[in-house]
Amino acid sequence: MVTKWAGKTWGTLGDSITEAGGYQPIVQEALSFASVFNYGKSGCPMTAGGDRDYGATTHVGRTIDPALDCVSIFAGVNDFRLDKPIGELGSTDVYTFHGAYATLVEDILTRNPTCRLSLWTPLQRDKDQYDIFYVNAAGHRLVDYVDAIQQIGQLYALPVLNLYAESGMNKLTLPHFTSDGLHPNEAGHRRIADMIVPFLLRL
């Protein structure tokens with residue numbers, strides 16, 4: 001199948017789920033990307049600060065190739081786990097989720113205005129008591145970070161892939177699609193890829 005992405009380049013930003021490199025080969029084969037660059041950093045959040053600052057997605061995103069045709073941001077689950085404050089829409093404070101995310105979006109689009117940037121929400125999770133009902137030390141549930149990503153998408157007219165709401169990966173199915181209630185196994189990466197392919201095709 002010849003697609004709009006044939007021969008194009010794709011950069012994937014995110015955490016351990018991205019760094020694992022499970023969904024990218026499936027999508028690359030389906031859409032014929034010429035090259036895929038994996039910028040995932042395991043255990044790291046979007047938000048700056050703390051002992052994971054070295055791999056914060058807001059920082060890593062400023063180091064990516066400025067000529068990529070397609071860029072995806074798949075972050076937020078570690079911000080929930082690490083009690084990162086969400087902050088306010090429109091903020092530029094990189095020590096809040098909103099500010100860190102917006103700063104990254106603006107940097108990418110300023111340097112590469114023609115790239116097709118998309119935002120992906122975290123998946124649901126059920127690991128170490130951190131499930132979708134858990135309220136972290138910052139006073140947030142995981143869905144609050146999902147909502148923030150959707151707000152940022154609307155603010156910048158960017159498409160949002162809502163894996164939290166539409167992947168079918170929930171407390172009943174996580175044992176099948178993940179190795180530990182959080183990290184996708186082969187079936188989980190296939191499920192994610194099956195959503196990514198039509199999503200990127202419509203951009």
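Values quoted throughout were computed directly from the atomic coordinates according to the rules given, and no laboratory measurement underlies them. What you see is a predicted model; the values in this text were computed from it and never measured. Here the Cβ is made from the backbone with ideal geometry for all residues, glycine too, and neighbour counts use every protein chain on show.
Every residue in the range 20-52 that is crowded, with 18+ Cβ neighbours inside 10 Å, under 27 Å from Asp79 (Cβ atoms) and not aliphatic (A, V, I, L, M), please.
The answer is Gly22, Tyr23, Gln24, Tyr39, Gly40, Lys41, Cys44, Pro45, Thr47, Arg52.
Taking the range 65-103 only, how many residues are within 15 Å of the chain's Cα centre (by Cα) and in contact (Cβ under 8 Å) with a residue 60 or more places away in the chain?
Residues that pass the stated criteria total 11.
If only one of Asp51, Asp65, Asp83 is at positive phi and out of contact with any helix residue (DSSP H, G or I) (no Cβ under 6 Å at 6 or more places or on another chain), which one is it?
Details: Asp51 fails: at positive phi; Asp65 fails: at positive phi.
After applying the criteria, what remains is Asp83.
Would you check if Phe133 is out of contact with any Pro (no Cβ under 7 Å at 6 or more places or on another chain), part of a helix (DSSP H, G or I) and aromatic (Phe, Trp, Tyr)?
Judged against the criteria, Phe133 is not a match.
Which of the residues belonging to the range 1-19 are surrounded by fewer than 23 Cβ atoms within 10 Å (Cβ to Cβ) and either within 9 Å of Asn38 (Cβ to Cβ) or touching a Lys or Arg at 6+ places or on another chain (Cβ under 7 Å) (or both)? Give the steps one after another, and end with the answer.
We begin by selecting, within the range 1-19, every residue surrounded by fewer than 23 Cβ atoms within 10 Å (Cβ to Cβ); these are 1-9, 16, 19.
Scanning the range 1-19 gives a single hit, Glu19.
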